[in-house]
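K.L.:
The structure's right below; bear with me while I get my questions together.
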Amino acid sequence: MTLENPAVPYGDAFLRASAPDGRLPDAGMPASEALRLIESEMVLDGIPERNLATFVTTWMEPEAVQVVTDNLARNYIDHAEYPQTAEIEQRCVRMLGDLFHAPGPTTGTRTQGSSEAIMLGALSLKWQWRRRREAAGQAADRPNLVFGADVHVVWEKFCRYFDVEPRIIPLRPDKLTIGPEDVEPHVDEHTIGVAAVLGTTFTGHADDIAGIDALLGRLRAERGLEVPMHVDAASGGFVWPFLHPDTPWDFRLASVRSINVSGHKYGLVYPGLGWLVFRTPEDLPDDLVFYENYLGKRDATFTLNFSTGASMVLAQYYTFVRYGHEGYRGVMEVLQANARRLAERIVATGHFELVGDPGAEQLPLVAFRLKEADRAYDEFDVASQLAAERGWMVPAYTLPPNADHTTIMRVLVKRSLGHSLAETLAADIAQACATLDVKGGLHELDRRRVKTGTGY
Ligand SMILES: *Cc1c(COP(=O)(O)O)cnc(C)c1O
């Protein structure tokens, strides 16, 4: 860099110099230039509202944004100095416990996202399993965890980080979620738990959670096997209670001991917020809770992180009180209606078919694939054409094993994709196909250079 380079008279220094990199600059720069530098680099990123790959919130109301900006200096973990933030966090936990039909008082915590919540929930399963084994005088070795290949990567990450054998149930091209018949052969006395998904990242459908609960109940009664379930409701936890309230997937089922949900997905808050809720306080092992008094007062913590912002917790409380049950239901109904309309329009182009059972309960998204495999282009081509023509970020990806011969595309319908934009998107998808019909797709060799992602 640069600062030997005098600022150009009509603009900032970075019109002629490259951005600082590799080492801390010797001297600083005016605030306006630093701002301009960062803003000018951000134009290379995608526009969040065109990011239809992500489940994460891309728009909040101005009043919610005010809550966020007003509280940026507040450290969430500093319960002694910010007791009201801690109280508001617990209000949110209690509301979620109630929403998920906890039978009585519950406990839980705010996390950085569902990933941290899943690590903590799965650690609790491991601790409880070890305690049961030791109490029965049995060896607590070789723990395993059972889940389908339709889970998010965090479940395998947990197994590797915390030394648990993953027992992953493969999918089939015609079956993209799991049920009791898939789980049963994998469960034994070393199983710390079963993880089931409410709203998979791949197609937005749910595992047969009630069926798995019935299986675990039978194993308990017939074989004395105590195998609890954790429900990964990262996306579905804010969708099912409002769109499918009569479908039991939560604490209405006896085996469900803990649930995670992402506040920053359909919880409608910007990134940096998840929740872990236990069925009862006893489901959280005491020795995973740490008591410390660094910050002025004896305090209990159950987290992998420590300091973090309070803003998103307060923003979640804002959305809870602002929308209430009725408001969340209204928002989810709109998203569902827009997703259905978009699905119809995409099918009506004649090029695509939907993936999975369109009659099944699903997140507000559209998962689709090209109808004929032998055309001159594939889903990756459609994704890059759509990005080139209109800047839409729609991912193309292959499904997990053993459905990995299937490539699909997926559009998340969020509040930033209103009716007209959804109509425009459908027309843009048809146009991208029309372009590709004329020019064809990329060759295999070129394709490796094209970046696509599944989004999160
Ligand atoms: C997004 C997601 C996760 C990870 O959640 P983060 O909040 O991004 O940490 C885990 N499981 C499922 C099903 C998800 O959709």
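The values are calculated or read from the model by the stated rules, or taken from the named source; none is laboratory data. Keep in mind the model is a prediction, meaning the values are calculated, not measured. Cβ placement follows ideal geometry from the backbone for every residue including glycine, while neighbour counts extend to all protein chains displayed.
K.L.:
Residue by residue through the stretch 154-166, note down the ones that are in contact with a strand residue (DSSP E or B) (Cβ under 9 Å, 6 or more places away or on another chain) and under 24 Å from residue 237 (Cβ atoms).
P.N.:
154, 155, 156, 158, 159, 164, 166
K.L.:
Any residue at all in the stretch 290-304 that's under 23 Å from the mean Cα position of the chain (by Cα), within 15 Å of the ligand (Cβ to nearest atom) and surrounded by fewer than 22 Cβ atoms within 10 Å (Cβ to Cβ)?
P.N.:
Yes, the conditions are met somewhere in the stretch 290-304.
K.L.:
Out of curiosity, is residue 277 in a strand (DSSP E or B) and either modelled with pLDDT of 95 or more or over 20 Å from residue 79 (Cα atoms) (or both)? Explain how you work it out, then say what you get.
P.N.:
On the way: in a strand (DSSP E or B): yes; either modelled with pLDDT of 95 or more or over 20 Å from residue 79 (Cα atoms) (or both): yes.
It is true that residue 277 is in a strand (DSSP E or B) and either modelled with pLDDT of 95 or more or over 20 Å from residue 79 (Cα atoms) (or both).
K.L.:
List pairs: first residue in the stretch 25-43 and free of Cβ contacts under 8 Å to residues at least 24 places away in the same chain, second residue part of a loop (DSSP other than H, G, I, E, B) anywhere in the structure, Cβ distance under 7 angstrom, at least six positions apart or on different chains.
P.N.:
Listed pairs, sorted by first residue: 41/19.
K.L.:
Please count how many residues of the stretch 201-230 are under 17 Å from residue 113 (Cβ atoms) and near the ligand (Cβ under 10 Å from one of its atoms).
P.N.:
Of the residues in the stretch 201-230, 1 are under 17 Å from residue 113 (Cβ atoms) and near the ligand (Cβ under 10 Å from one of its atoms).
K.L.:
Go through the stretch 43-56 and give me each residue that's assigned to a loop (DSSP other than H, G, I, E, B) and either of a type in the set (D, E, K, R) or within 16 Å of the ligand (Cβ to nearest atom) (or both).
P.N.:
Kept after step one, since they are assigned to a loop (DSSP other than H, G, I, E, B), are these residues of the stretch 43-56: 43-47, 52-56.
Selection gives 45, 52, 53, 54, 55, 56.
K.L.:
Listed residues 227, 231; which is under 23 Å from the mean Cα position of the chain (by Cα) and on the phi < 0 side of the Ramachandran plot?
P.N.:
Just a single option satisfies the conditions, and that option is 231.
K.L.:
How about the stretch 98-112: which of its residues are outside any loop (DSSP other than H, G, I, E, B) and of a type in the set (A, V, I, L, M)?
P.N.:
99
K.L.:
Among the residues of the stretch 345-367, are any part of a loop (DSSP other than H, G, I, E, B) and of a type in the set (Asp, Glu)?
P.N.:
Yes: one or more hits.
K.L.:
Check 198, 145 and return the single one that is more than 30 Å from residue 343 (Cα to Cα), without any contact (Cβ under 8 Å) to a residue 60 or more places away in the chain, buried (at least 23 other Cβ atoms within 10 Å of the Cβ) and within 16 Å of the ligand (Cβ to nearest atom). Outline the logic, then answer.
P.N.:
Working: 198 fails: more than 30 Å from residue 343 (Cα to Cα).
The unique qualifying residue is 145.
K.L.:
Taking into account only those residues within the stretch 165-190 that are under 20 Å from residue 260 (Cα atoms) and in contact (Cβ under 8 Å) with a residue 24 or more places away in the chain, which is farthest from the ligand (Cβ to nearest atom)?
P.N.:
179
K.L.:
Please determine whether any residue of the stretch 317-327 is within 19 Å of residue 395 (Cα to Cα), touching a Leu at 6+ places or on another chain (Cβ under 6 Å) and crowded, with 21+ Cβ neighbours inside 10 Å.
P.N.:
No, that holds for no residue.
K.L.:
Follow-up. Would you confirm, using the coordinates I've provided, whether residue 403 is in contact with a Leu (Cβ under 6 Å, 6 or more places away or on another chain), of a type in the set (Gly, Ala, Ser), crowded, with 21+ Cβ neighbours inside 10 Å and in a loop (DSSP other than H, G, I, E, B)?
P.N.:
It is true that residue 403 is in contact with a Leu (Cβ under 6 Å, 6 or more places away or on another chain), of a type in the set (Gly, Ala, Ser), crowded, with 21+ Cβ neighbours inside 10 Å and in a loop (DSSP other than H, G, I, E, B).
K.L.:
To continue, here is another question. Which one of these is in a helix (DSSP H, G or I), over 21 Å from the mean Cα position of the chain (by Cα), more than 26 Å from residue 165 (Cα to Cα) and of a type in the set (A, V, I, L, M, F, W, C): 88, 77?
P.N.:
88
K.L.:
Go through (1) within 17 Å of the chain's Cα centre (by Cα); (2) away from the ligand (no atom under 16 Å from the Cβ); (3) crowded, with 17+ Cβ neighbours inside 10 Å; (4) not polar (S, T, N, Q) one by one and return the number of the condition residue 59 breaks.
P.N.:
All conditions pass for residue 59, except number (3).
K.L.:
Based on this model, can you work out whether residue 162 counts as more than 15 Å from the ligand (Cβ to nearest atom), among the aromatic types (Phe, Trp, Tyr) and surrounded by 12 or more Cβ atoms within 10 Å (Cβ to Cβ)? Explain how you work it out, then say what you get.
P.N.:
Details: more than 15 Å from the ligand (Cβ to nearest atom): yes; among the aromatic types (Phe, Trp, Tyr): yes; surrounded by 12 or more Cβ atoms within 10 Å (Cβ to Cβ): yes.
Considered against the rule, which asks whether it is more than 15 Å from the ligand (Cβ to nearest atom), among the aromatic types (Phe, Trp, Tyr) and surrounded by 12 or more Cβ atoms within 10 Å (Cβ to Cβ), residue 162 comes out as yes.
K.L.:
Shifting gears a bit: Out of the residues in the stretch 251-271 that are of a type in the set (Ser, Thr, Tyr) and under 15 Å from residue 318 (Cα atoms), which is nearest to the ligand (Cβ to nearest atom)? Write out each step before concluding.
P.N.:
Narrowing the stretch 251-271 to residues of a type in the set (Ser, Thr, Tyr): 255, 258, 262, 266, 270.
From what's left, under 15 Å from residue 318 (Cα atoms): 266, 270.
Values: 266: 10, 270: 12 Å.
The residue in question is 266.
K.L.:
Further question: For residue 238, state whether it is under 22 Å from residue 318 (Cβ atoms) and away from the ligand (no atom under 16 Å from the Cβ).
P.N.:
no
K.L.:
Follow-up. Please go through (1) within 21 Å of the chain's Cα centre (by Cα); (2) closer than 30 Å to residue 405 by Cβ for residue 161 and return the number of the only condition it doesn't satisfy.
P.N.:
Condition not satisfied by residue 161: (2).
K.L.:
With respect to the numbered conditions (1) on the phi > 0 side of the Ramachandran plot; (2) free of Cβ contacts under 8 Å to residues at least 12 places away in the same chain, which one is the sole condition not fulfilled by residue 300?
P.N.:
The single condition residue 300 does not satisfy is (1).
K.L.:
May I ask you to list the residues in the stretch 27-42 that are surrounded by 14 or more Cβ atoms within 10 Å (Cβ to Cβ) and in a loop (DSSP other than H, G, I, E, B)?
P.N.:
Of everything in the stretch 27-42, just one residue is surrounded by 14 or more Cβ atoms within 10 Å (Cβ to Cβ) and in a loop (DSSP other than H, G, I, E, B), namely 29.
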